[in-house]
Amino acid sequence: MKRIAFIGGGNMAFALVGGLRAATKAGDTPDGQLDIVVADPIPNQLERFEGVSTTQVNAVAVDAADAVVLAVKPQVIREVVEALPLTTRQLVISIAAGVPIEAISRSTSAKQPIVRCMPNTPALLRAGISGLTANGFVEPGMRALAERILSAAGQVVWFDDEDSLHAVTALSGSGPAYAFYLLEGMIEAGVELGIDAATAERLATATVLGAARMAEAESVGPRVLRERVTSPGGTTERALSILDAARVRAKFRRAIEAACQRSRELAEEFGK
Ligand SMILES: NC(=O)c1ccc[n+]([C@@H]2O[C@H](COP(=O)([O-])OP(=O)(O)OC[C@H]3O[C@@H](n4cnc5c(N)ncnc54)[C@H](OP(=O)(O)O)[C@@H]3O)[C@@H](O)[C@H]2O)c1
């Protein structure tokens, strides 16, 4: 049995622990049971964690843990990690957005195995996708454990170089906001065309969800799927001609590049 300590009992820890417990209940635990402990200084935060151990003392949670998940806000990560009694046999998994591995390892042994993850907000519904990267001290068994834990929040993708996490941050980390932005525009348009706001929201949301599910299910890719719904001379073609004329796709690329650049700037500021 592996022991997993969550430091910070906030939203992300709640989602991950819920996902791990659901997998256990479903019997989907090929690598054995997990012994989960959650640490948070606020008792209220801990009350909602059912069926797992809880403590207000981080050091108690870390004791004998195989993996220690840092699920606190980036601003407090340094002081939290400095106070943890870690050994180099323990894997540290950080889900703190924008905090480089190097910034964490300054507060641990230089040989601390560390996995850094960039999840996104649909993780809260276990429908997220996380980019993962590991330092050179993470052994294959630790990698598998990290993947198992983050899979409780959705899909996982590994990256060999940590630098790629800037692009992941820009694409899937900030990405839910781009989808919400699209939804806002579609809903506004529906309302302008005379549909009531609630119905417009329902139509737009179900459409984006359905389209995403089609893109996931079909191997042909989004371009072919788009072409299939675009009959010559039809309504979709007329709409897309407006978007093309406004160079919306190029703007998307520019926006995501800007987000990537901002991620680099923030990492630099964090490192100082
Ligand atoms: N939410 C997301 O979808 C998402 C996406 C990507 C990345 N992340 C990352 O995930 C991390 C957690 O996010 P979250 O949304 O779960 O935040 P959150 O809800 O604020 O959870 C953090 C928890 O840690 C507690 N805490 C603060 N100081 C602590 C300490 N010294 N020891 C132990 N626990 C302490 C906080 O208590 P208080 O409330 O009392 O401060 C809070 O309960 C962040 O670093 C964030 O960047 C989150």
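Of the cross-linked pairs Lys251/Lys272; Lys2/Lys111; Lys2/Lys272, those separated by over 28 Å at the C-alpha level are Lys251/Lys272; Lys2/Lys272.
Ellipsoid fit via the Cα gyration tensor, the range 93-243: semi-axes of 39, 16, 13 Å, each the root of five times an eigenvalue, largest first. Against the chain, whose longest principal axis is taken from its Cα atoms, helix 140-151 shows a tilt of about 50°.
Between the helical axis of 248-271 and the longest alpha-carbon principal axis of the chain there is an angle of about 20 degrees. Look at Met1, Met214, Met118 and count the other Cβ atoms within 10 Å of each Cβ; fewest to most, that gives Met1, Met214, Met118. For the range 2-166, the antiparallel share of DSSP beta bridges with both residues in that region comes to about 15%. The loop-placed chymotrypsin sites (Phe, Trp or Tyr not before Pro) in the range 1-110, going by DSSP, include none that has at most 15 neighbouring Cβ atoms within 10 Å of its Cβ.
The DSSP beta bridges internal to the range 104-235 are antiparallel in roughly 45% of cases. Sorting 67-77, 245-255 by their mean Cβ neighbour count within 10 Å, with the most densely packed peptide first, gives 67-77, 245-255.
Calculated on the alpha-carbon coordinates, the convex hull of the range 173-265 measures out at 127 cubic angstrom per residue. Computed over the chain, the Cα gyration tensor eigenvalues convert (square root of 5λ each) into semi-axes of 39, 21, 17 Å, ordered from largest to smallest.
Where does the charge balance sit around Glu162 when Lys and Arg score +1, Asp and Glu -1, over other residues with C-beta under 14 Å from its C-beta? Within the 14 Å Cβ shell, the charges total -3.
Computed from point charges on the beta carbon alone (+1 for Lys and Arg, -1 for Asp and Glu), the dipole magnitude for the chain about its Cα centre is near 260 Debye. How far is helix 235-245 tilted, in degrees, relative to the longest principal axis of the Cα atoms in the chain, given as a value from 0 to 90 rounded to the nearest 10? Here the helix axis deviates by roughly 70 degrees. Looking at the range 54-123, the trypsin sites (Lys or Arg not before Pro) that sit in a DSSP loop and have at most 14 other Cβ atoms within 10 Å of their own Cβ are Arg89, Arg106, Lys111.
Taken together, the values in this text are just the output of simple stated rules run on the coordinates, not laboratory data. Small disclaimer: the values here were computed from a predicted structure and weren't measured. Please note: Cβ atoms are built from the backbone with ideal geometry, for glycine as well, and neighbour counts cover all protein chains shown.
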